[in-house]
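For reference, the structure discussed in these notes is given below.
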Amino acid sequence: MPDLPADTPVDRLARATPPTLARKVRGLSDRTIAWIFVAPTILLLLAINIFPLIWTIRLSFTNFRANRPNEPVEWVGLRNYQRILTDPDIWQTMQATAHFLFWTLFFQVLIGFTLAWLINRKFRGNDLMTTLIVIPMMLSPAVVGNFWTFLYQPQIGLINYAVEFVTGIPASSFTMLGSVSLAPWAIVIVDTWMWTPFVMLICLAGLRSIPDYIYEAAEVDRASKWRQFWTMTIPMVLPFLMLAVLFRGIENFKMFDLVVLLTGGGPGDTTLLSSIELKREAFEKWRTGYSSAYAIILFVTVFGLASIYVKALNKVKER
Amino acid sequence: MKARYLAATAALALVAGTSAKAEDLTLCWAAWDPANALVELSKDFEAQSGHKMNFEFVPWPNFADRMLNELNSGGKLCDLMIGDSQWIGAGAESGHYVKLNDFFDANGISMDAFVPATVTGYSEWPKGTPNYWSLPAFGDVVGWTYRKDWFERPELQAEFKEKYGRDLVAPATFAELKDIAEFFQGRDIDGKTVYGASIYTERGSEGITMGVMDVLYSFGFKYENPDKPYDMAGFVNSPGAVAGLEFYKSLYDCCTPPGMSNAYMGEGIDAYKSGQVAMQMNFAFTWPGFEVDPNVGGGKTGYLVNPAGPDGERFAQLGGQGISVVSYSEKQDAALEYIKWFAQPEVQAKWWSMGGFSCLRAVVEDPGFAASQPYAQTFLDSMAIVKDFWAEPSYATLLADSQKRFHDYVVAGQGTAQEALDGLVQDWTVTFEDEGKL
């Protein structure tokens with residue numbers, strides 16, 4: 001047993017000093033310290049995410065109206081949900097949302113991947129080209145909505161004049177944003193123009209992650225370019241592509257600003273997306289209980305679809 | 001000594017004439033030309049009262065959203081609110097506005113001194129009862145402007161007479177208005193293609209409802225059974241109302257410029273000032289701006305009361321607002337002081353001279369009023385035939401329903417006019433059932 005040092009005045013002074021916070025913390029377990037660090041974030045999440053969600057669920061079973069806070073609130077059970085799910089106008093907005101979602105994803109993936117594939121080749125001005133292509137996604141949706149409104153204007157807009165130049169159809173004889181048949185495509189075009197670069201960037205990251213030696217080995221095995229593309233490029237980029245679809249899908253499901261600026265949901269209800277209808281119910285008609293139920297239905301839809309999709313994505317990654 | 005005494009007395013009188021404490025008052029309104037005129041006018045109040053005026057102006061498309069949110073949340077931003085006429089029911093029943101009856105009585109302000117339609121439209125709730133929640137502040141009504149210089153061209157007059165068998169003059173009926181609109185549609189004037197008319201089609205706020213209602217009233221539309229409140233079947237969707245809605249759609253289809261599928265006040269002003277259209281539906285507040293415009297001012301513009309319907313009935317959609325004291329304000333005394341000042345005849349006369357449409361009878365019934373501006377008589381005649389949209393507390397829901405039904409039919413061409421109005425009766429019935437009024 002080693003000799004213990006003598007009890008010096010300094011030691012006695014140290015023992016008399018109260019333990020510092022650091023010493024106290026030193027006595028806590030790792031798990032407790034971890035909880036202390038995480039607790040503020042969890043509290044914040046509970047306050048701004050979970051509590052409003054629970055509150056919204058509660059409101060969805062009532063007839064509460066936020067513009068009449070002093071009126072008695074009645075419990076209406078599932079009536080709000082029943083009214084929403086049997087309302088043909090709501091299904092019309094779902095249909096408009098599905099049309100917008102499907103075609104924007106289709107075009108953005110198709111064009112985004114093609115652009116990424118072309119940009120991935122080595123050529124002079126490659127970096128400049130990439131920068132130019134990504135400019136639209138850097139713009140504010142308010143700016144994009146406003147200038148596309150001018151581009152679509154039948155009397156002064158460039159789009160109508162371009163169509164006249166190509167097809168001979170008089171520029172002022174048709175209106176992209178005011179026509180029932182053209183307006184749903186007009187918003188698809190603008191969203192595709194704005195967000196294709198985002199898909200392109202993700203695809204480009206995927207393409208650049210494929211090692212060159214794989215292609216070199218395929219060349220040695222005399223695999224055709226076509227075969228290399230379908231059996232090597234596409235499977236290796238697919239997880240990236242699916243990720244881009246997930247991001248864009250969630251974003252476009254809740255699309256609001258761009259479409260409000262372009263068409264305001266019109267003409268009629270042809271471009272009335274679910275999020276626009278939700279805003280109208282909540283903050284124009286002030287049917288808070290009803291709109292809470294609508295919000296919950298949309299949340300469950302997005303959450304359910306995203307969960308299924310993420311599982312599929314994980315399976316693709318595991319292959 | 002005597003002089004010093006007099007000076008002290010005068011100072012005391014001045015202090016007693018104003019409130020005990022100088023306040024910072026905030027007045028909330030829409031961002032438009034009349035609001036700018038009110039800023040100038042209010043400088044007199046600042047000088048007289050010692051209070052400082054601040055202003056919160058919101059563009060029309062967001063005005064209702066922004067201000068109703070403010071009121072519903074009990075916000076203290078606005079001490080004075082010049083709110084839209086249809087807000088009066090919610091303002092009164094939800095306790096947003098201070099009831100002004102006692103204040104009016106105490107200060108000798110009589111509602112008889114104001115144009116009756118504006119008192120009913122802007123101040124009373126319930127309608128037709130002497131319960132006042134605002135002072136009529138800005139009279140407004142939907143009317144029409146037309147290119148008088150085009151109408152007076154001999155070659156156009158001759159061609160029109162040959163085609164329609166009558167003179168090319170301001171239309172007296174909606175049928176005549178449509179003939180004229182068709183006549184001008186696609187016509188080349190001074191090397192430029194012009195169009196018949198600009199009408200309201202906007203979907204997002206209240207545009208298409210204001211436009212459609214402006215026509216429907218004269219076709220026999222009524223909101224409810226006069227003998228049974230909230231009984232709408234057969235009134236909202238009466239044969240006359242259906243014919244009126246069909247007329248509005250036919251006017252939109254035949255005679256508006258391309259791209260006017262979401263047009264309201266601003267788009268109408270642009271179309272008219274840029275020389276695109278021969279006629280334009282718009283609120284009267286736009287008229288002073290046309291008089292000073294280099295393209296359409298200086299006698300080129302004529303002003304027209306809403307034309308008559310097929311049975312000779314003639315009504316117009318009321319616009320305009322009253323000024324109210326917000327009940328959440330902590331400066332209500334100073335806010336009431338502003339209303340007292342604003343109600344004075346000389347202030348109202350100055351208000352009119354600056355472009356504000358006064359509702360005070362002493363101003364509009366003055367012998368010189370009709371000749372004071374080229375549009376003054378049209379304004380007076382229009383104000384005599386006004387009707388307003390629902391002013392119920394649930395007006396926002398009722399408005400959202402009509403916006404959808406009208407836009408779906410008129411612009412998107414979905415269904416028939418009969419289906420649109422039948423659907424509107426259903427929507428409004430559900431709203432009133434939810435309100436417990438049915």
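For a modelled paramagnetic label at B:TRP341, 7 Å from Cα along Cα-to-Cβ, the residues of the range B:314-329 in reach, with backbone nitrogen under 17 Å, are B:323-326.
Note that the range A:99-112 has calculated 3J(HN,Hα) couplings of 4, 4, 5, 5, 6, 5, 5, 4, 5, 5, 5, 4, 6, x Hz, one per residue in order, obtained from phi through the Karplus relation 6.51 cos²θ - 1.76 cosθ + 1.60 (θ = phi - 60°); glycine and proline are x. DSSP bridge analysis restricted to chain B gives an antiparallel fraction near 60%, rounded to the nearest 5. For the set B:LYS178, A:LYS285, the ranking by accessible area, highest first and with no ligand, DNA or RNA atoms included, is B:LYS178, A:LYS285 under a 1.4 Å probe.
Taking the empirical scaling 2.2 N^0.38 Å for compact globular proteins as reference, the range B:233-287 has a Cα radius of gyration ratio of 1.37. Measuring heavy-atom accessible area with a 1.4 angstrom probe and counting protein chains only, the residues of the range B:250-282 that give up at least 30 Å² relative to the chain alone are B:PRO258, B:GLY259, B:SER261.
Starting from the Cα of B:LYS350, draw a straight line to each of the aspartates and glutamates and keep only those under 14 Å, dropping any in the same chain fewer than 8 residues away. Qualifying aspartates and glutamates at Cα under 14 Å: B:GLU40, B:ASP44, B:ASP366. Adding -39500 (n - 2.57) for every DSSP H run of four residues or longer, then dividing by how many residues chain A holds, sets the calculated 222 nm ellipticity at -22000 deg cm²/dmol. Computed 3J(HN,Hα) for the range A:27-44, one whole-Hz value per residue from the Karplus formula 6.51 cos²θ - 1.76 cosθ + 1.60 where θ = phi - 60°, is x, 7, 6, 4, 4, 5, 4, 4, 5, 4, 6, 7, 3, x, 5, 5, 4, 5, glycine and proline marked x.
What the Cβ-Cβ distance of B:ASN107 and B:LYS127 gives, at R0 = 30 Å and to the nearest 0.05, is a FRET efficiency of 0.80. Apolar share of the accessible surface for the range A:87-318: 72 percent from carbon plus sulfur atoms, 1.4 Å probe.
When each of the peptides A:216-228, B:261-273 is scored by the mean number of other C-beta atoms lying within 10 Å of its residues, the order from highest to lowest reads B:261-273, A:216-228.
With K and R counted +1 and D and E -1, the other residues having a Cβ less than 11 Å from that of B:LEU68 yield a net charge of -3.
In this structure, the amide hydrogen of B:GLU56, modeled 1.01 Å from its nitrogen in the peptide plane, lies closer than 5 angstrom to those of B:LEU27, B:CYS28, B:TRP29, counting only residues at least 5 positions away or on a different chain. Expressed to the nearest 5 percent, the antiparallel share of DSSP beta bridges inside the protein assembly as shown is 65 percent.
Rounded to the nearest 20, the Cβ-based charge dipole of the range B:142-317 about its Cα centre (Lys and Arg +1, Asp and Glu -1) stands at 120 debye. Taking amide H as placed 1.01 Å from N in the peptide plane, A:LEU273 has no amide H partner under 5 Å among residues 5 or more places away or on another chain. Taking other residues whose beta carbon is less than 13 angstrom from the beta carbon of B:ALA384, and scoring Lys, Arg as +1 and Asp, Glu as -1, yields +1.
The alpha carbon centroids of the range A:207-242 and the range A:73-87 are separated by 53 Å.
Here the 3J(HN,Hα) profile of the range B:55-60, calculated from phi with Karplus coefficients 6.51, -1.76 and 1.60 at θ = phi - 60°, is 10, 10, 10, 10, x, 3 Hz, Gly and Pro shown as x. The range A:105-137 and the range B:298-375 have Cα centres separated by 59 Å.
Projecting the Cα atoms of B:TYR97, B:GLN280, B:PHE57 onto the charge dipole of chain B, computed from C-beta unit charges around the Cα centre, puts B:PHE57 farthest toward the positive end. Where both residues lie in the range B:142-317, what percent of DSSP beta bridges are antiparallel, nearest 5? Looking only at bridges with both residues in the range B:142-317, the antiparallel portion is about 75 percent. Residues whose amide H comes within less than 5 Å of that of B:GLN185, counting only those at least five positions distant or on another chain, are B:GLY196 (H built at 1.01 Å from N in the peptide plane). Could you work out Rg/(2.2 N^0.38 Å) for the range A:87-318, with Rg from alpha carbons only? The reported ratio for this selection is 1.19.
Calculated mean residue ellipticity at 222 nm for chain B: -13000 deg cm²/dmol, from DSSP H runs with n ≥ 4 weighted as -39500 (n - 2.57), summed, divided by the residue count and rounded to 500.
The magnitude of the dipole of the range A:87-318, with charges of +1 and -1 set on the Cβ of Lys/Arg and Asp/Glu and taken from the Cα centre, is near 520 debye. The residue list A:VAL220, A:VAL300, A:PHE240 was ranked by how far each Cα lies along the charge dipole of the range A:219-319 toward its positive end, using unit charges on Cβ atoms, and A:VAL220 comes out on top. Modelled label positions at A:ASP30 and B:CYS254, each set 7 Å beyond Cα in the direction of Cβ, lie 8.4 nm from each other. Expressed as a whole percent, the accessible area of the range B:30-101 that falls on carbon and sulfur atoms is 48 (1.4 Å probe).
Derived value for the range B:142-317: Kirkwood hydrodynamic radius 16.6 Å. Basis is the mean of 1/r over every pair of different alpha-carbon atoms. Taking the accessible area of the range B:142-317, probe 1.4 Å, and keeping the other protein chains in place, the carbon and sulfur fraction comes to 50%.
Overall, the ratio between the Cα radius of gyration of the range A:228-319 and 2.2 N^0.38 Å, rounded to two decimals, is 1.44.
The alpha-carbon positions of the protein assembly as shown define a convex hull whose volume is 319 Å³ per residue.
Interface size, chains B and A: roughly 2200 Å² of accessible area buried, both sides included, 1.4 Å probe, rounded to the nearest 100.
A 1.4 Å probe over all protein chains sorts B:MET281, B:MET354 by accessible area into B:MET354, B:MET281, starting with the largest.
Summing +1 for each Lys or Arg and -1 for each Asp or Glu among the other residues whose beta-carbon sits under 13 angstrom from that of B:HIS407 gives -1. At the residue level, B:SER372 shows approximately 50 square angstrom of accessible surface with a 1.4 angstrom probe and all protein chains present. Please report, to two decimal places, log10 I(q)/I(0) for the range B:268-390 at q = 0.15 Å⁻¹ as given by the Debye formula with identical point scatterers on the Cα atoms and no solvent. The computed values of log10 I(q)/I(0) come out as -0.85.
Per-residue extension of 0.36 nm, minus the Cα-Cα distance of A:SER140 and A:TRP226, leaves a gain of 27.1 nm for this segment.
Residue pairs exceeding 22 angstrom between C-alpha atoms, taken from B:LYS99/B:LYS222; B:LYS76/B:LYS387; B:LYS222/B:LYS404: B:LYS99/B:LYS222; B:LYS76/B:LYS387. Each 10 Å bin from zero holds the following percent of Cα-Cα pairs in the range B:165-229: 17, 33, 32, 13, 4, 1. Given +1 at the Cβ of Lys and Arg, -1 at the Cβ of Asp and Glu and no other charges, the dipole of chain B around its Cα centre is 940 debye to the nearest 20. Ordered from largest to smallest accessible area (heavy atoms of protein chains, 1.4 Å probe), the residues B:ASP44, B:ASP188, B:ASP84 come out as B:ASP188, B:ASP44, B:ASP84.
For the range B:91-215, the residue among B:TYR146, B:GLY121, B:ASN107 whose Cα projects farthest onto the positive side of the dipole built from Cβ charges is B:TYR146. The residues of the range B:135-286 expose on average 32 square angstrom of accessible surface per residue, using a 1.4 Å probe on protein heavy atoms.
Accessible surface computed residue by residue for the range A:87-318, with neighbouring protein chains in place and a 1.4 Å probe, gives 50 Å² per residue. To one decimal place, what orientation-averaged projected area in nm² is obtained for the convex hull of the Cα set of chain B? The number I arrive at for chain B is 23.2 nm².
The values are calculated or read from the model by the stated rules, or taken from the named source; none is laboratory data. Note that this is a predicted model, so its numbers are computed, not measured. Note that each Cβ is placed from the backbone with ideal geometry, even for glycine, and that neighbours are counted across all protein chains shown. Ligands, DNA and RNA are stripped out before the accessible areas are found, and what is left, the full protein with its side chains, is counted by its heavy atoms. Shrake-Rupley method; radii C 1.70, N 1.55, O 1.52, S 1.80 Å.
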